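The values are calculated or read from the model by the stated rules, or taken from the named source; none is laboratory data. Everything numeric here is computed off the predicted structure, so don't read it as measured data. So basically every Cβ, Gly included, is an ideal-geometry build from the backbone, and we count neighbours across all protein chains shown. Remember, those area values only see protein heavy atoms, side chains included, never the ligands or the DNA or RNA. Shrake-Rupley method; radii C 1.70, N 1.55, O 1.52, S 1.80 Å.
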Amino acid sequence: MLSPVLCSDLAALEPEYTEADVISTVEFNQSGEFLATGDRGGRVVIFQREPQGEYNVYSTFQSHEPEFDYLKSLEIEEKINKIRWLPLHNPAHFLLATNDKTIKLWKVSERDKRAEGYNLRDEEGRLKDLSTVTTLQVPVLRPMDLLVEASPRRVFANGHAYHINSISVNSDCETYLSADDLRINLWHLNITDRSFNIVDLKPENMEDLSEVITVAEFHPHHCHLLAFSSSTGTTRLCDMRARALCDQHAKLFEEAVDPSRRSFFSEIVSSVSDVKFSHSGRYLLTRDYLTVKVWDLNMENKPVETYQVHDYLRTKLCSLYESDCIFDKFECAWNGTDSVIMTGAYNNYFRMFDRASLRDVTLEASREVCKRRAVLQPRRVCVGKKRKETDVSVDSLDFRKKILHTAWHPKENIIAIAASNNLYIFQDRLTPNGHHNTPEIQSAPPKWQTQPNPPTY
């Protein structure tokens, strides 16, 4: 059942920000203890959950730098498109981060001891004069202040001719996929100089191009299954056991469109911007411009559930097309039990849909309404006259403010919302009698300002 949410604002201390500060991806790790964000400036910021439940900055590092492809005379942005955590197998954490062309595997580890008493080096690390070394000593480890280090372990480059839009770690924990507009490649985490092309939609004549890949993801349990969606609104399920090149899909999930309702915008709004397998692996969640749909893997002809995200925008598609807003790519997320769905909208609104009760709620993530430990109040967008003072007219929506990137804690009712350069963390609170209360918000921790090279979130 849906309940209101408490909000925790890890936002900027100053209202001014640059394009490089805009958050471009958000991702919890498998336990939910860590939350990683990437921005358009190529930086990755990792938050760790404290014992009291709040998330504070754990590490900040520069993952990608701007580059220039001299062969194609093309600038390569440093923007982080996706972050994916690898399953935890030792005290160090590993994550994949990608921009348009290059994928990097990062190791994030802690160090609280340092070695002292070297024979050939002094305390500052300089080589000693060998003539002064008259005795041998055994180096010892001394305690030191905790240091979190981020180091690149692998760089996977030159695998894509087009911009990378997706990466997904396989359940075998050895391989991962990367997808661009026309191809999907399979990589081994220990091999950087080659990958295997498993999907190729590029026609011999580019004038025959009819669709592009928008997103791809591995099944959470079966390492041979993957799904990818396209700009035509279809989602394909591929089985890598059938053939090396998965151009022939195992299943095609597509909803027939009523010809009488077709318009110039039909194909644009049907383009799938995100696809997520449920935690159980039984369902697929897809997001297009106006709806989120739940598909049963055993039924291809139509979704089992369809939820209207902002149906009130149908009358404004022309102006949204002129402003390019109609091409915005919204993400979607499941909660830990696959019972609630979340996705973003405009005006810094985000939507939640309860699958059992079919109830839905619209909430707002903004600095104006998110005070520390504040309870979020439901919002309502109206097409005609306002019924309540708190209602918002569809004509007054701010399309520059949009929630594109969202993430849900894998086990608890904690969500992360990226709104331009602001990160909001919301969590369900329990009342003294054990019932769910509306979600509240944390505020930017003091440590935020003390991080090295902090992004202005």
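Are there any pairs, at least 6 apart or on different chains, whose C-beta atoms fall under 6 Å, with the first in the range 288-301 and closer than 19 Å to residue 353 by Cβ and the second of a type in the set (A, V, I, L, M) and open to solvent by 60 Å² or more (accessible area, probe 1.4 Å), and if so, which?
294/304; 296/304
Name every residue in the range 86-116 that is surrounded by 12 or more Cβ atoms within 10 Å (Cβ to Cβ) and either at positive phi or among the aliphatic types (A, V, I, L, M) (or both), in order of residue number.
Result: 86, 88, 92, 95, 96, 97, 103, 105, 108.
Quick one: in the range 173-198, of everything that is surrounded by fewer than 19 Cβ atoms within 10 Å (Cβ to Cβ) and of a type in the set (D, E, K, R), which residue is modelled with the highest pLDDT?
174
Do you know which of the residues in the range 262-279 that are among the aromatic types (Phe, Trp, Tyr) and more than 16 Å from the chain's Cα centre (by Cα) is most open to solvent (accessible area, probe 1.4 Å)?
264
Each row is one residue, and each column tells you yes or no for (1) of a type in the set (Ser, Thr, Tyr); (2) outside any loop (DSSP other than H, G, I, E, B); (3) over 23 Å from the mean Cα position of the chain (by Cα).
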residue: 64; (1), (2), (3): no, no, no
residue: 72; (1), (2), (3): no, no, yes
residue: 78; (1), (2), (3): no, no, no
residue: 84; (1), (2), (3): no, yes, no
residue: 89; (1), (2), (3): no, no, no
residue: 101; (1), (2), (3): no, no, no
residue: 109; (1), (2), (3): yes, yes, no
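Failed condition for residue 232, given (1) farther than 23 Å from residue 332 by Cβ; (2) without any contact (Cβ under 8 Å) to a residue 60 or more places away in the chain, with all others met?
Answer for residue 232: the failing condition is (1).
Just to be sure, is residue 366 modelled with pLDDT of 80 or more, among the polar types (S, T, N, Q), assigned to a loop (DSSP other than H, G, I, E, B) and crowded, with 17+ Cβ neighbours inside 10 Å? Show your work before the answer.
Details: modelled with pLDDT of 80 or more: yes; among the polar types (S, T, N, Q): yes; assigned to a loop (DSSP other than H, G, I, E, B): yes; crowded, with 17+ Cβ neighbours inside 10 Å: yes.
Criteria met by residue 366.
Criterion first (surrounded by fewer than 21 Cβ atoms within 10 Å (Cβ to Cβ) and free of Cβ contacts under 8 Å to residues at least 40 places away in the same chain) does residue 255 satisfy it?
When the stated conditions are applied, residue 255 does not pass them.
Step by step: first the residues of the range 318-337, then only those that are open to solvent by 20 Å² or more (accessible area, probe 1.4 Å) and closer than 28 Å to residue 355 by Cα, then the one that is nearest to the chain's Cα centre (by Cα). Which residue is that?
So, considering only residues that are open to solvent by 20 Å² or more (accessible area, probe 1.4 Å) and closer than 28 Å to residue 355 by Cα, the one nearest to the chain's Cα centre (by Cα) is 329.
Which members of the range 353-372 meet the condition of being closer than 25 Å to residue 304 by Cβ and acidic (Asp, Glu)?
354, 360
Right, residue 229: touching a Ser or Thr at 6+ places or on another chain (Cβ under 8 Å), of a type in the set (Ser, Thr, Tyr) and open to solvent by less than 20 Å² (accessible area, probe 1.4 Å) or not? Spell out the reasoning first.
Details: touching a Ser or Thr at 6+ places or on another chain (Cβ under 8 Å): yes; of a type in the set (Ser, Thr, Tyr): yes; open to solvent by less than 20 Å² (accessible area, probe 1.4 Å): yes.
Spelling it out, residue 229 is indeed touching a Ser or Thr at 6+ places or on another chain (Cβ under 8 Å), of a type in the set (Ser, Thr, Tyr) and open to solvent by less than 20 Å² (accessible area, probe 1.4 Å).
Please tell me if residue 125 is at positive phi and open to solvent by less than 40 Å² (accessible area, probe 1.4 Å).
Yes.
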